[in-house]
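First comes the structure, then the notes that go with it.
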Amino acid sequence: MTIQNNIAGKLIPIGAAHIISQCAIIAAEHQLNTLLSDQPISIREIAKKLNFTVEGTWKFIRVLDALELVTLKENLITASELTPHLDYFLGIHITDGYAAIEQLEATLKGKESSWQAHYGKTFYEYLNSYPEKSQIFTDWCRKTANAWLTAVFPMYDFSPYSTIVDMAGGNGELLSMILTNHPKAHGILFELPAIIEQAKEQWVESEFTQRLSYCSGDFFIHAPTEGDLYIISRALLNWNDTDAIQIINQCYKNMSKGSKLLIIDFVLPEKSHASYFNFVLSDINLYGTMLGSNRTKQEWMGLLQKTQFHSNFVYNSNEESMSTLPICLLEATKL
Ligand SMILES: C[S@@+](CC[C@H](N)C(=O)[O-])C[C@H]1O[C@@H](n2cnc3c(N)ncnc32)[C@H](O)[C@@H]1O
């Protein structure tokens with residue numbers, strides 16, 4: 001059978017996706033973003049710095065250049081617009097996830113998550129056993145919160161609320177942006193105990209430190225009672241529907257009447273959206289890693305309907321523009 005060139009052209013990158021990931025991880029681990037931050041550097045110089053052979057460096061840099069992760073002209077390498085973002089590749093769910101995803105087939109057959117099958121622990125139990133890996137994951141959340149969650153501000157008015165609880169709020173990056181924009185608001189960061197300890201150190205000298213308090217616990221069992229707005233940002237995507245409903249109902253139980261819940265999460269866009277492919281990949285990765293999901297707008301609404309909340313409002317950023325990051329905001333009131 002002869003394979004047409006256009007078919008081969010599509011099949012080869014699919015079969016070689018693991019090589020792409022491995023090259024990007026090597027580039028990130030060797031901090032190419034820092035090495036290329038000042039000036040162009042030759043293949044020979046970079047081979048020396050990386051302790052690679054010159055021949056291997058050529059091959060490696062040519063791949064990175066083809067991916068636009070660096071720019072190679074003649075013998076000189078410079079940073080591309082993607083190079084400064086390389087350190088995102090060091091997210092623990094990406095690097096350690098590389099080995100775990102080998103178990104994907106078993107997960108697709110309805111067995112445990114690939115992470116559990118490979119490491120013998122759930123993703124968050126694994127992080128809890130390795131503080132240095134937990135720190136890398138929290139850092140990844142902080143960087144991406146800063147890069148992506150600013151998109152929430154034009155979509156939602158936080159000004160009516162006096163006490164804002166951020167459930168599973170990571171290191172508090174989103175809460176810090178809200179407290180900076182709303183100088184009268186108080187924030188409560190709710191997280192697992194180890195993450196709360198990291199967060200406390202981070203914000204001790206911030207201008208809003210007097211307006212930020214901390215509460216540690218497990219969101220399946222606890223939630224603070226004082227808030228008039230409860231946020232769950234990018235946390236329900238880590239859980240299946242049964243678990244997500246339990247987390248939402250735990251908030252409901254602890255909220256007073258009239259308080260609001262705001263879910264901020266990704267929404268799986270339509271096939272025509274520019275980010276569709278990225279989001280289906282991220283969806284199956286979430287499923288393999290922790291049986292989680294990138295839900296569609298209908299799935300989000302269906303999920304809320306199965307909770308104790310009644311009224312709700314949904315904002316879906318990709319209905320406004322097909323090129324923006326697809327973020328869904330769901331607001332529900334405890335009546
Ligand atoms: C993907 S991160 C999102 C962090 C933050 N909300 C954001 O948008 O950047 C999910 C967070 O859920 C927290 N988490 C996981 N299991 C939890 C539990 N049982 N109780 C409380 N928080 C939990 C993790 O520590 C992690 O910070």
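Ordering E191, E55, E331 by the number of other Cβ atoms within 10 Å of each residue's own Cβ, fewest first, gives E55, E331, E191.
Going by neighbour counts of Cβ atoms within 10 Å, the residues C215, C23 line up, fewest first, as C215, C23.
Quote to one decimal, in nm, the extra length available between D38 and F153 on full extension: 0.36 nm per residue of separation minus the C-alpha distance between them.
On the way: separation 115, 0.36 × 115 = 41.40 nm, distance 3.39 nm.
Answer, rounded to one decimal: 38.0 nm.
Mind checking the log10 I(q)/I(0) for the range 260-323 at q = 0.24 Å⁻¹? Debye, one equal scatterer per Cα, no solvent, two decimals. Each listed q maps to, in turn, -1.09. Hey, what's the Cα Rg ratio for the range 182-256 versus the globular rule of thumb, 2.2 N^0.38 Å? Rounded to two decimals, the normalised Rg is 1.17.
Only helices enter the 222 nm calculation for the chain: every DSSP H run of n ≥ 4 contributes -39,500 (n - 2.57), and dividing by all residues gives -13000 deg cm²/dmol, rounded to 500.
Cα convex hull, the range 123-333: 113 Å³ per residue, rounded to a whole number. Sorting M255, M155, M167 by the number of Cβ atoms found within 10 Å of their own Cβ, with the fewest placed first, yields M155, M255, M167.
Distance from the alpha carbon centroid of the range 1-53 to that of the range 188-252 works out to 39 angstrom. Of the candidates D65, D228, D38, which one comes out as most mobile in a Gaussian network treatment of the chain with C-alpha springs shorter than 10 Å? Its mean-square fluctuation being the largest, the pick is D38. The antiparallel fraction among DSSP beta bridges confined to the range 184-335 stands at about 55%.
Relative to the dominant Cα principal axis of the chain, helix 276-290 is inclined by about 70°. Relative to the dominant Cα principal axis of the chain, helix 193-203 is inclined by about 80°. How high is the relative contact order of the range 246-335, in percent, with contacts defined as C-alpha pairs under 8 Å that are six or more residues apart? RCO, the range 246-335: 42 percent.
Residues considered: E201, E173, E74. Largest GNM mean-square fluctuation over the chain, using C-alpha springs under 10 Å, is found at E74.
Straight Cα distances below 28 angstrom link K184 to the lysines K143, K200, K253, K257, K260, K334, with same-chain residues fewer than 8 positions distant left out.
A Gaussian network model of the chain, with springs between Cα atoms under 10 Å, assigns the largest mean-square fluctuation among S317, S129, S176 to S129.
Based on DSSP, what percent of beta bridges with both residues in the chain are antiparallel, to the nearest 5? It would help to have the intermediate numbers written out before the result.
Numbers: 19 of 38 bridges.
Percent antiparallel among DSSP bridges in the chain is about 50.
Give the shape of the range 1-95 as rounded, prolate or oblate, defined through the alpha-carbon gyration tensor: a ≥ b ≥ c are the square roots of its eigenvalues, a/c under 1.5 means rounded, and otherwise the shape is prolate if a/b is larger than b/c and oblate if not. Cα axes put the range 1-95 in the prolate bin.
None of the figures in this text is laboratory data; all of them are computed from the coordinates on show. This structure is a prediction, so every number in the text was calculated from the model and none was measured. Heads up, the Cβs are rebuilt from the backbone with ideal geometry, glycines too, and the neighbour counts pull from every protein chain shown.
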